[in-house]
Each structure stands twice: as structure tokens, then as C-alpha cells.
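Contents: one structure, followed by commentary.
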Amino acid sequence: MRHLWIGVVLCGVVAFGCGTSGTRGPSRETGDLPDASPDVGPGDLLPDEAVMPRDGIDGADVQDPDEGSDGGNGDPSPGDDEVGAGDTAPDGALDPDPETPGDAPPDPSEEDARETVSPDPAPATAGTVVDAPGNTGSGFQDASRAANGVRGGGQNAGGMDVFSLGYQEGVDNYLVLSWGGATVHNGPGADFVVFENGFEVGAGSGSFFLDQIVVMLSRDGVTFVPFPHDYVAEDETKYQSKPEAWQGFGGRYPVKYNVDSNPVDPFDHEAAGGDPFDLDGMPLDGGEGQAIREKGFRYLKLVAAPTVLNPDTGAAFVRDPASNGADIDGVVARYVQE
Ligand SMILES: [Ca+2]
Ligand SMILES: [Ca+2]
Ligand SMILES: [Ca+2]
């Protein structure tokens with residue numbers, strides 16, 4: 001697969017226009033939420049206000065100048081985010097997974113192929129706040145807390161270094177993060193981990209306080225594709241706090257990882273907690289979902305699940321009556337390429 005890398009380098013050096021048609025077609029997904037644009041509103045956090053990780057984790061300290069230049073111009077034009085010094089090779093340049101649509105689960109040789117083309121697998125925090133309509137810059141409404149490193153509170157306590165979402169659609173119910181414009185690729189195993197601040201209520205009780213999140217991914221900051229998710233309770237009109245009932249959601253597991261007091265490998269689920277996601281879970285839809293699965297993504301959108309429709313009930317996903325919105329501590333990825 002070495003030749004692919006050469007292709008990527010040439011592509012990145014020679015022209016921005018190389019293969020940019022990947023996301024521009026008519027493949028906008030119906031699963032998109034009302035505001036998938038990267039617009040930055042008056043209350044938003046500009047990228048240069050985001051607090052950089054203090055944990056020494058590499059790869060999250062490059063901010064995308066395009067995101068800054070997008071700010072406030074109200075122009076969702078997909079071309080807007082394509083030219084800039086911080087950009088990675090254009091979409092379509094990498095094809096780490098050559099499988100064809102409809103293939104059976106990947107065989108070991110495909111895993112090997114992905115590993116060969118994977119960038120440095122060092123964990124990297126999403127250090128750029130791209131869009132946070134609920135941001136006020138203060139307390140739990142300070143969006144930089146979602147980009148400054150993860151400081152979990154452990155199995156039985158919710159971390160406080162978090163940015164809290166609310167339930168007002170388009171007002172405070174979502175957050176968009178990036179890795180400074182870099183691409184998160186699909187390598188072996190989990191590719192990124194979402195850290196909320198759920199916790200077990202009482203040691204060993206098996207009862208959890210959770211705020212569920214729908215995770216959406218995008219290559220261009222405009223077209224977002226939801227990571228497949230399914231609430232599998234017997235009665236989906238009733239809330240269940242068991243992590244197993246919320247398949248494909250963020251906010252399922254307590255956060256033991258803490259860059260200050262428990263700096264374990266964030267991809268060691270037993271040690272770190274959090275909610276691991278594998279891009280192999282993206283759909284083989286022949287469209288944007290599959291493109292993300294095979295080529296990676298640059299923007300990650302976290303949406304409060306109670307503001308998202310559950311197709312199984314026709315109503316919004318149910319929630320813990322005591323929940324007032326998901327609390328985002330941070331997101332860590334590996335296989336990140338600048
Ligand atoms: Ca993977
Ligand atoms: Ca929470
Ligand atoms: Ca944090």
C-alpha cells in the first residue's frame with residue numbers, strides 16, 4: 001500500500017482540487033439534522049479561543065484556519081472549507097479500504113491493508129470547537145471544556161470539565177468538534193472515543209445516570225451522517241439507564257480516563273471507560289456513509305439524543321427524567337492525519 005501514500009503526498013502538494021468531487025455530489029443524507037452547517041453564530045467560540053489540550057497528547061494543536069474564516073459569514077458553501085494551510089489532502093485521495101459495496105465483514109488481509117495506510121496511531125484530542133451554539137464561554141456552557149482534554153470523574157462520579165448541551169434544537173443541543181482540520185481514518189479497532197460524564201449511581205449498583213448522544217460524522221462540515229444507533233429496550237417509550245440498551249450512542253459509559261490524575265490509554269476501554277466508535281460501523285450505503293467508513297472524516301457532531309427522532313417510535317428518544325443534557329468532556333481519536 002506504499003504507493004497510496006505516495007499518491008496522497010503528491011496530491012496534497014500539487015493541488016487542492018485533487019479529487020474534491022467526493023462529497024459534492026447529490027449524496028446529501030436524509031439523516032441530517034436541521035443545522036448541519038458550520039456557521040458560527042454570535043455566541044460561538046471562535047477557534048482561536050479554544051483551549052488547547054494540556055495533556056501533552058499530540059495532534060490536536062493545529063487549528064483549521066478555514067474554520068476561523070468561515071466564522072460569521074453565514075455562507076455554508078461547501079467550497080468554503082476547502083482551501084487553507086491547515087487542510088489535509090482532499091477527500092478521495094486515500095482509500096484505505098478497498099472493499100466493494102455489499103462485501104461481507106472485512107477479512108484479515110483488509111485489516112492489514114488498513115493498518116498499512118493508517119497514519120500515526122497516537123491518540124489525539126479533538127482540540128477545535130467548530131460550532132457550539134450554546135457556548136457562553138462560562139462554566140458548563142464553556143465549549144472549550146469539550147476540547148481541552150478529558151478529565152473523567154471515575155466510575156461513580158461525573159466529571160466537571162465538560163460542556164453541557166441542552167434540548168433546544170439549534171440553540172444548545174449540539175456541538176461540532178474537529179482535529180484542527182485533520183482527518184480521522186478507519187484503522188484497526190475503535191477509531192475514536194467519546195467521553196461524556198455518565199456514572200454508576202453507587203459502587204456496584206449497576207444503575208447508571210446517563211445522557212445519551214447521537215454521533216454524526218462529516219468530511220466537509222456540511223453533510224453529516226449519523227453513526228448507526230438503536231435504542232433496543234423492550235418498550236422504547238420507557239427510559240432504561242443500562243448502557244447495553246443504547247447501541248451506537250455516546251454517553252453510555254462512565255469516564256475513568258483523566259489526563260491529570262489517570263492518564264491511561266484512552267483506547268483501553270476497561271481502563272479508560274468512555275464510548276468507543278469504530279468506523280467499520282458506518283453503513284455500506286454506497287454513499288457518504290460508506291465514504292466516511294473508507295476515507296475517514298474531519299468533523300464530529302454530538303447531538304443530545306432527546307432532540308433526535310427515534311424512528312422506532314416516531315417520537316424523540318426518551319431520556320432519564322433527571323437528565324438536562326449531555327455533558328461533553330472530550331473526544332479522542334487515533335489514526336489522525338494532518
Ligand atoms: Ca476502525
Ligand atoms: Ca451527563
Ligand atoms: Ca474536558
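What follows draws every value from the coordinates through simple rules; no lab data is involved. Just so we're clear, the structure is a prediction, and the values are computed from it rather than from any experiment. Here the Cβ positions follow ideal geometry from the backbone for every residue, glycine too, while neighbour counts run over all protein chains shown.
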Taking a ≥ b ≥ c as the square roots of the Cα gyration tensor eigenvalues, with a/c under 1.5 meaning rounded and otherwise prolate when a/b beats b/c or oblate if not, the stretch 291-335 comes out oblate
Please sort 292-299, 246-253, 163-170, 316-323 by packing, taking for each peptide the average over its residues of neighbouring beta carbons within 10 angstrom, highest first. 292-299, 246-253, 163-170, 316-323
Phi-derived 3J(HN,Hα) across the stretch 188-196 with the Karplus relation (6.51, -1.76, 1.60, θ = phi - 60°), rounded Hz, x for Gly and Pro, is x, x, 4, 10, 8, 10, 9, 10, 9
Taking amide hydrogens as modeled 1.01 Å from N in the peptide plane, which residues meet the under 5 Å criterion relative to D131, leaving out close sequence neighbours? V176
FRET efficiency for A122 and Q155, using Cβ-Cβ distance with R0 set to 35 Å, rounded to 0.05: 0.85
Taking θ = phi - 60°, what integer Hz values does the Karplus form 6.51 cos²θ - 1.76 cosθ + 1.60 yield along the stretch 138-147, in sequence order, with x for Gly and Pro? 9, x, 6, 9, 8, 5, 5, 5, 8, 10
What is the Rg over Rh value, at two decimals, for the stretch 232-338, using alpha-carbon atoms and the Kirkwood definition of Rh? 0.98
Would you mind getting me the FRET efficiency between D268 and V171? Use the beta-carbon distance for r and R0 = 35 Å, nearest 0.05. 0.45
List the residues, sorted by chain then number, that are 5 or more residues from D327 or on another chain and whose placed amide H is less than 5 Å from its amide H. L165, N197
